[in-house]
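This report concerns only the one structure given below.
Bear in mind that the values in this text are calculations on the coordinates, not laboratory data. From a predicted model like this one, the values you see are computed outputs, not experimental measurements. Cβ: placed from backbone, ideal geometry, glycine included. Neighbour counts: every protein chain shown.
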Amino acid sequence: MRTVDLITRKRDGEELSPEELSFLVDGYTRGEIPDYQMAAFLMATFFSGMTDKEVGTMTELMLRSGETLDLSDIPGLKVDKHSTGGVGDKTSLISAPIAAAAGAKIPMISGRALGFTGGTLDKLEAIPGFRTNLTVDEIKAQVAKIGLAFAGQSSQLTPTDGLIYALRDASGTVESVPLIASSIMSKKLAEGIDALVLDVKVGAGAFIKRQIHARELAQLMVAIGRRNNKKVIALLTDMNQPLGYAIGNALEIMEVSQTLQNGGPVDLTRLSLELAARMIHLGKVTATIEEARELAQAKLLDGSGFRKLKEVIAAQGGNPQVLDRFDLLPNATGMREIVTPRGGYVAGIDAQLIGQAATLIGAGRSTKDDVIDPAVGVILDVKMGAKVDGNTVLCRLYYRDDANVEEAAELVEDAFRISASAPEERELILEVVS
Ligand code: URA
């Protein structure tokens, strides 16, 4: 078998057999196939796609490249939630504590920021002292004791996905439905969970821009779950404007705190509650989704979701007081307001441009090895539909180093579309795939 023949066959739209895919993927993992050939194969896949059988094989190959966690010691069904990546998406930090307070068992293994999207691990690490590098035994003990642990993917879990993901990031091939499906599902199957709630983001601030492709991705991941005896449900959700008002790690922790005390943005609260309800239901804490929704709402209103997050922060080495005293979190030193030159209605806030601006001032990563500044980011003053006069502040940039502030400000100015008439209200939850 020759690598170049497999690349050209994929380029020409042919289906590769499991043996051929294994030759490529395993060969790349062992370092026998160079980056340039694997990148060419990924680009061929980007354009030609993969059959469902190929996606199943890719998932299996990446899953088998590492270990699989055994969480069977933890009583009850284990459920996780995963987002395909968005801007201002801090729903995991709200929905998981609420679902855990309701009795769900959640070993949450999360990722880091990449491109213009944020990552749950980076947000948590904005809390001084918070440890995400838990061992499997620590995850088990914490989930058994308090129902929730937030951990990072260890190098033992799906190492091939780590290698291929980095190459996709550098070769412009992240936005491929079959590659995203196999990447996410290999990691989730390796976690040893029973059920999974997926938040498939669609729109400007997501890797997938069109609902038809988001649906295809959701259906693929649900089918992979089913074939592996996992109950998977996917919500397709709008990611055209950022979720909530805060984008940037410590800023998002502050918004999480407000939301868990029922003082958060409407869109963020609604989506987090629905995701929590889905976790509660799939984790079989309640018999129906309606009961799960009521329970999630109750756990928000009585403050037990908020207390659960404090418990998790304390268990993982952080100071839970950060949720009450924001001065204990890293804080920016500079602030720049972005003002609208004219009045009208906010008809659009391009989440990708806002995410790119936040990345430029240090809130995200342009390459995998970039270091994040937890203090910096963007706070929106308005959301879509708001009526603004000339000179209204649209958002604020919080920074510590002013090197890229000018460029970031230009991106943010371009992100806001002001029009004479009010925009139509958009649905936040577009579709459910199960
Ligand atoms: N998140 C992942 O883990 N993988 C992808 O390919 C995209 C988002």
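Some notes on this structure:
- Counting neighbouring Cβ atoms within 10 Å and putting the fewest first, the residues ARG325, ARG307 line up as ARG325, ARG307.
- Separation of segment 249-285 from segment 343-382 is 21 Å, based on Cα centroids.
- Range of Cα positions in segment 1-134 per principal axis (Å), largest first: 53, 35, 26
- Of the peptides 382-392, 34-44, the order by per-residue mean of other Cβ atoms within 10 Å, starting with the highest, comes out as 34-44, 382-392.
- In the chain, taking the dipole from charged Cβ atoms about the Cα centre, the farthest positive-side position among GLN156, VAL405, ALA113 is held by GLN156.
- Rel. contact order, % - alpha carbon contacts under 8 angstrom, at least six apart, segment 331-419: 48
- Dipole-positive endmost among ALA170, GLY263, ILE180 within segment 167-268 (Cβ charges, Cα centre): ILE180
- With N as its number of residues, the chain has a Cα radius of gyration that, divided by 2.2 N^0.38 Å, comes to 0.96.
- Distance between the pseudo-spin-label points of GLU14 and GLU431 (7 Å out from Cα toward the beta carbon): 3.3 nm.
- Sequence-distant contacts, meaning Cα pairs under 8 Å at least 6 residues apart, place the relative contact order of the chain at 19 percent.
- Centroid-to-centroid separation of segment 67-138 and segment 387-426 [C-alpha atoms, Å]: 31
- Percentage, to the nearest whole number, of Cα pairs in segment 331-419 over 20 Å apart: 32
- When each of LYS123/LYS231; LYS231/LYS299; LYS209/LYS284; LYS105/LYS145 is checked by Cα-Cα distance, pairs over 21 Å: LYS123/LYS231; LYS231/LYS299; LYS209/LYS284
- 13 Å Cα-Cα reach of LYS78 towards aspartates and glutamates, excluding residues that sit fewer than 8 places from it in its own chain: ASP70, GLU191, ASP194
- Net dipole in debye of segment 79-326 [+1 Lys, Arg Cβ; -1 Asp, Glu Cβ; about Cα centre; nearest 20]: 420
- Of the beta bridges in the chain, as assigned by DSSP with both residues counted there, near 55 percent are antiparallel.
- Size of electric dipole in the chain: Cβ of Lys, Arg +1 and of Asp, Glu -1, about Cα centre, debye, nearest 20: 920
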